[in-house]
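Heads up: the structure comes next, in structure tokens.
What follows draws every value from the coordinates through simple rules; no lab data is involved. None of these values were measured; they are calculated from a predicted model. Cβ: placed from backbone, ideal geometry, glycine included. Neighbour counts: every protein chain shown.
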Amino acid sequence: MTNTSPVTAEGSGGEATGGSPAEALAARAEAISKIYGSGDAEVVALDDVTVGLRRGRFTAIMGPSGSGKSTLMHCMAGLDSVDSGRVFIGEVELTRLDDRRLTRLRRDKVGFVFQAFNLVPTLTALENITLPMDIAGRRPDRDWLDTVVDTVGLRDRLRHRPAELSGGQQQRVACARALASRPDIVFADEPTGNLDSRSGAEVLSFLRDSVREMRQTVVMVTHDPVAAAHSDEVIFFGDGRTVDRMPDPTAEKVLERMKGIESHGGGGVR
Ligand SMILES: Nc1ncnc2c1ncn2[C@@H]1O[C@H](COP(=O)(O)OP(=O)(O)OP(=O)(O)O)[C@@H](O)[C@H]1O
Ligand SMILES: [Mg+2]
């Protein structure tokens, strides 16, 4: 993989998207760099990264700890700024928006799921799911909300508060919240990182169903080859750069590929 060619899933797709390759991408980064600190403390978190995320696909991002995965997600979701390069959500260039427009775009077009579920403890599951839209003064689309609630499998838990739910159920509420506004793309940063394997599997199958059945676009950072195997494509990250991609991953193939990346150095391995 050279630095100049975008890392995108080619695959057999193209259905429903047609048009130019850019239209088939829900989000893309062009030659983005992100540097933290300065002088001796300088860290190049993203080093000239060009990457495209296909619409209607489930993409996993993997790589050693400290390789820049979270930074990439934050920069592509408009939660953090880049030092150079351009970021697009659909055809809108994030890196040209003022704060007000960026906030609106993030609210309307982007969903985010964090490792810590970040639910409001005093609100019920349903109130948590609709909170971003309530704040924005928007009415949820009832049919869509029904679809999300059914896919998330929490219809009988909607009146429960987070403390009355299991970890997996709480994270499914967080996923439903990210999907409720029908965003163009959902970024999930280690969504199963705090879950046991059974709860993790619940969340993964929900994310996969949201792509397969609701035609959402999901990008997920994970350290777990089994979790990555749920995706349509894995993008491997090392030292602030994309180093490889793997369509139709299996846990075995992913594990094998990760060994190669970690033995080349890069960030610490955990
Ligand atoms: N706010 C910050 N200030 C300074 N350095 C930072 C900041 N955020 C991240 N970094 C550094 O940038 C690099 C990339 O961090 P990032 O969090 O993107 O890695 P990651 O791949 O998500 O790692 P992990 O798998 O451990 O979550 C690391 O060296 C990190 O220490
Ligand atoms: Mg991270």
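Computed quantities for the displayed model
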read-out	value
The chain - percent relative contact order, Cα under 8 Å, separation 6 or more	26 percent
Cα shape, the range 100-217, gyration tensor, a/c 1.5 rule	rounded
Label-point gap, in nm, between ASP146 and SER33 - each point 7 angstrom along Cα→Cβ	5.3 nm
Ascending count of other beta-carbon atoms within 10 Å, so fewest first, for ILE185, ILE35	ILE35, ILE185
Size descriptor, Kirkwood hydrodynamic radius, that averages inverse alpha-carbon separations across the range 202-264, Å	12.3 Å
Convex hull volume of the chain per residue (C-alpha atoms, cubic angstrom)	138 Å³
Between helix 197-212 and the chain: long-axis angle, C-alpha atoms, 0 to 90°, nearest 10	90 degrees
Proxy reagent accessibility, fewest Cβ within 10 Å first, across ASP47, ASP143	ASP143, ASP47
Residues PHE206, PHE187, PHE88, sorted so that the one with the fewest Cβ neighbours within 10 Å comes first	PHE88, PHE206, PHE187
Degrees between helix 99-109 axis and first principal axis of the chain (Cα, 0 to 90, nearest 10)	70 degrees
Residues with amide H under 5 Å from that of LEU25, placed H, sequence gap 5 or more	ARG55
DSSP beta bridges in the chain [antiparallel fraction, %, rounded to 5]	55 percent
The range 100-158: Rg to Rh, with Rh as the Kirkwood radius over Cα pairs	0.97
Nearest 10 degrees, 0 to 90: helix 125-136 Cα axis against the chain principal axis	70 degrees
HN-Hα J in Hz across the range 36-44 - Karplus 6.51, -1.76, 1.60, θ = phi - 60°, x for Gly and Pro	9, x, 8, x, 4, 8, 5, 10, 8
